[in-house]
Every structure is written in C-alpha cells, then in structure tokens.
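Working notes, beginning with the structure itself.
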Amino acid sequence: MPTSPEHPAPPGRAGPASLDYRTAFELAPIGLILSRERLMVDANREALAIFAANAGQLVGRSFELLYPTPAEFERTGRRIAASLDAAGRYADERVMKRLTGEMFWCHVSGRALDPARPHAAGIWAFEDLSARRAVRQEFTAREREIAALLVQGLTSKGIGRQLSISPRTVDVYRARLMRKMAASTTAELVTKLLTQ
C-alpha cells in the first residue's frame, strides 16, 4: 500500500523511495505541532511523548492546555506576536506543562506562516530540557518568565520590553529570584538557573 497522510509507512520500514512528508513529520526527532489560531491541529509522535499525551488529547485543543497558567499562555501569545522576525520566526525557552501536570523547561521555536497574522497558522518545534534543567516549583508564574529571559542574557530593560513591565519591576523580581536561589550576583543566578 502506498504511503499517504492517512497511511504513513510503518517505523523502520520506510526506505528512501517510500519516505514522504507525513512519515518525516511523524518520525522527526523533535516535537512538532501545527497550529491555527493557537489551536493544535496536528502533533507528531515526539510532541505527544514530550507532553505525555495522545493525539485525541491535543488535536483540536488550545495550546493553553500546555502552559502552567492561563496568564502565562496569554502573555506568551502577546510576546510571540510582538517578537516575530521578518520571516515570522520566534524562539525561546519557557516552562511548559505535561498533561500529567508535571512542569518542565522547554525550548520552543517556530514560524508563523504569515508574519502579519502571527497566530493564524504556524509550525512549532519543542525540545524537552528537563534532563538539563529542573523547574523550581516555588517560582511564581512571573518569576518563571523572568528566569527564562535572564538565561537568554536579556537585561532588565530588554526583559521589561518583552513582558511589557518596567525595568524596575524586573529588578524586584530578579532580587526575589536571587534570594530564592541564594545567588549574590545575576551571573551566579543564571548559572544556578541553568544547572539546578
């Protein structure tokens, strides 16, 4: 039987002649999710494994399901829309949530098919970073967002711009993070965020 979106080649049997786009999507070594208006319209096997889900639990549902809080879902959506490059690309590291309720660090990159309409349709890739970085359960939603941007090397001004808050507010949250992580400098805080 020829392969098609409805009948992909079985794993391990797809030779060069039978490899098609559906098989490549399904067997990609990173999580891939296709979206329309922030709804998940398709997810590959790796994405389902990362989020501890089956296709019926994700397809047709909002990405909000995969965020620790509805507020983080909303703020991330605004940040993506404001930060796309000219080709519609975006990437960050953030805390996401498996369907089991477990939170984990995830590298997310993707592309809006129409940069003028960031959420109309997109292709998103997910990489589970939990083996390298643990989620600090005592962090608030805002602290998680600021921690994610600190490890990307952003300044208080840059973080404030990304989150639409003042640099002074960022400094207050950074001081809280430093107390929680027993760090005396921002560099030490970033090191601890990346290694603990």
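The values are calculated or read from the model by the stated rules, or taken from the named source; none is laboratory data. Nothing here was measured: the structure is a model prediction, and the numbers come from that model. Because the Cβ atoms are built from the backbone with ideal geometry, glycine has one as well, and the counts that use them run over all protein chains shown.
If we scan region 123-131, do we find a residue that is closer than 30 Å to ARG179 by Cα and touching a residue at least 60 places away in the same chain (Cβ under 8 Å)?
Within region 123-131, one or more residues are closer than 30 Å to ARG179 by Cα and touching a residue at least 60 places away in the same chain (Cβ under 8 Å).
Could you please let me know if ALA47 is at pLDDT 95 or above and either part of a helix (DSSP H, G or I) or under 30 Å from THR195 (Cα atoms) (or both)?
Taking the combined requirement at face value, the residue satisfies it.
Scan region 150-196 for residues that are touching a Leu at 6+ places or on another chain (Cβ under 8 Å) and in contact (Cβ under 8 Å) with a residue 24 or more places away in the chain and jot them down.
Within region 150-196, LEU150, VAL151, GLN162, LEU163, VAL170, ARG174, LEU177, MET181, THR186, LEU189, VAL190, LEU193 meet the criteria.
Determine, yes or no, whether ALA71 is in contact (Cβ under 8 Å) with a residue 40 or more places away in the chain, farther than 23 Å from ILE30 by Cβ and not assigned by TED's automatic domain parsing to the domain that holds MET181.
When the stated conditions are applied, ALA71 passes them.
Out of curiosity, is ASN54 without any contact (Cβ under 8 Å) to a residue 12 or more places away in the chain, of a type in the set (S, T, N, Q) and closer than 24 Å to ARG22 by Cα?
So ASN54 fits the description; yes.
Looking only at region 50-67, which residues are part of a loop (DSSP other than H, G, I, E, B) and buried (at least 18 other Cβ atoms within 10 Å of the Cβ)?
Listed by number, the residues that qualify are PHE51, ALA53, TYR67.
Does region 166-179 include one or more residues that are surrounded by 14 or more Cβ atoms within 10 Å (Cβ to Cβ) and either part of a loop (DSSP other than H, G, I, E, B) or modelled with pLDDT under 85 (or both)?
The answer is no, given that none of the residues of region 166-179 is surrounded by 14 or more Cβ atoms within 10 Å (Cβ to Cβ) and either part of a loop (DSSP other than H, G, I, E, B) or modelled with pLDDT under 85 (or both).
Checking PRO118 against (1) outside any loop (DSSP other than H, G, I, E, B); (2) crowded, with 16+ Cβ neighbours inside 10 Å; (3) modelled with pLDDT of 90 or more, only one condition comes out false. Which one?
So PRO118 meets the others, but not (1).
Does region 92-107 hold any residues that are without any contact (Cβ under 8 Å) to a residue 60 or more places away in the chain and either surrounded by 14 or more Cβ atoms within 10 Å (Cβ to Cβ) or outside any loop (DSSP other than H, G, I, E, B) (or both), and which are they?
Scanning region 92-107 gives GLU93, ARG94, VAL95, MET96, LYS97, ARG98, LEU99, MET103, PHE104, TRP105, CYS106, HIS107.
Considering (1) surrounded by fewer than 18 Cβ atoms within 10 Å (Cβ to Cβ); (2) more than 27 Å from ARG45 (Cα to Cα), say which one ARG89 fails and leave the rest.
(2)
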